[in-house]
Each structure stands twice: as structure tokens, then as C-alpha cells.
Amino acid sequence: MISRPDEKVTRLTTKSEAGTKKIGAQLGHSLKPGDTVCLYGGLGSGKTVFTKGIASALGIPEADVTSASFLLVAEHPGRVPLYHADLYRIEDPAQIDFLGLEEYPAMGGITVIEWAERLPEDFDGCTHKVRIGIVRGRQREIIIERAHEL
């Protein structure tokens with residue numbers, strides 16, 4: 001388990017992609033339909049790798065999950081559907097309104113939003129905020145924050 005129910009923030013360090021996926025899978029096992037995970041981090045920090053871990057926990061083959069940069073939102077069927085949004089190509093926050101990200105939680109799946117720093121300031125749909133930072137080489141610091149009491 002990533003954290004105890006009474007913990008709001010968890011800090012972890014990984015030394016490999018496999019470790020990043022494992023933490024993603026651990027979080028994925030604790031998610032419920034309607035949850036939205038917002039991922040923050042620079043280019044190459046491991047956001048898509050983390051999403052692959054979440055997907056594996058939902059019974060979705062990791063190979064099916066790629067950067068959604070060209071689709072903006074990819075839908076993956078699994079024991080719980082995964083809606084994978086990638087806001088990398090978004091230049092104007094007004095473009096996000098057209099994606100309807102607020103509507104995905106009601107569809108009964110898990111939503112993962114990469115490049116969440118591009119969300120409008122008033123977006124309050126994140127149930128989990130995950131910040132991934134490059135420490136050195138393949139080492140990553142992952143900070144998972146539950147956005148509100150679940």
C-alpha cells in the first residue's frame with residue numbers, strides 16, 4: 001500500500017522505470033471509479049511510465065498506453081476504464097474546456113491527466129496530485145497528494 005488512509009501526502013523515490021510503474025500500480029489498486037489523477041512533471045520525468053502502472057492495476061496491457069499527446073484523450077477498456085489525457089500540446093487553457101475533462105469522472109472510470117500544470121487554475125477535479133521530479137539519471141522523487149478527504 002502506498003500510504004495509510006490518514007496520510008494525505010506520500011513521498012517516494014524510485015531508481016528505475018520498473019519502480020515508477022510499481023508505484024503507479026500501487027496507486028492504481030487504491031483508485032475508485034470517478035477518481036482523477038493529475039500528473040505534474042517535466043518532459044521525460046516518467047508521467048507516462050507511471051500511467052502504465054495505473055493501467056496494469058486496472059487490467060489494461062501496459063503496451064496499450066502510450067503518450068496521448070496526439071489524441072489528447074485516449075480511452076482504454078479494462079476492469080475499470082482508463083481515460084488518459086495528455087495536455088502537452090495545449091497552448092491555450094481555453095482549449096481544455098473542449099476536452100470535457102470534468103465529465104469523465106461521471107463515466108465510471110479512472111481519469112489520468114498528464115501535464116496537469118496546464119489545467120486552468122479553477123480546475124478542482126483532481127482527487128490525487130502526483131508530482132514526479134528527476135533527482136538524477138533514472139532516479140525519481142514521486143510525491144502523491146490526496147487532494148481532499150476520500
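Quick notes
- Identified option (computed volume of the Cα convex hull per residue in Å³; candidates (i) 155; (ii) 103; (iii) 118): (ii)
- Peptides 122-131, 36-45, 22-31 ranked from most to least packed by the mean count of surrounding Cβ atoms within 10 Å: 22-31, 36-45, 122-131.
- Here the chain is treated with +1 on each Lys and Arg Cβ and -1 on each Asp and Glu Cβ, and its dipole about the Cα centre works out to around 980 debye.
- Separation of the Phe123 and Phe98 label points, Cα + 7 Å toward Cβ, nm: 1.5 nm
- Under-5 Å amide H pairs with Val112, H placed in peptide plane, nonlocal only: Val37, Tyr83, His84, Ala85
- Added length on full extension, which subtracts the Cα-Cα distance from 0.36 nm per residue, Glu62 to Glu91: 7.6 nm
- Length-normalised contact order for region 1-134 - Cα pairs under 8 Å, 6+ apart - percent: 31 percent
- Each Cα pair under 8 Å and six or more residues apart adds its sequence gap; the mean of these over the residue count of region 86-142 is a relative contact order of 32 percent.
- Of the residues Thr66, Gly125, Gly108, the one whose Cα sits farthest toward the positive end of the charge dipole of the chain, with +1 on the Cβ of Lys and Arg and -1 on the Cβ of Asp and Glu, is Thr66.
None of the figures in this text is laboratory data; all of them are computed from the coordinates on show. Predicted, not measured: the structure shown is a model, and the values here were computed from it. Note that we place each Cβ from the backbone using ideal geometry, even for glycine, and neighbour counts take in every protein chain shown.
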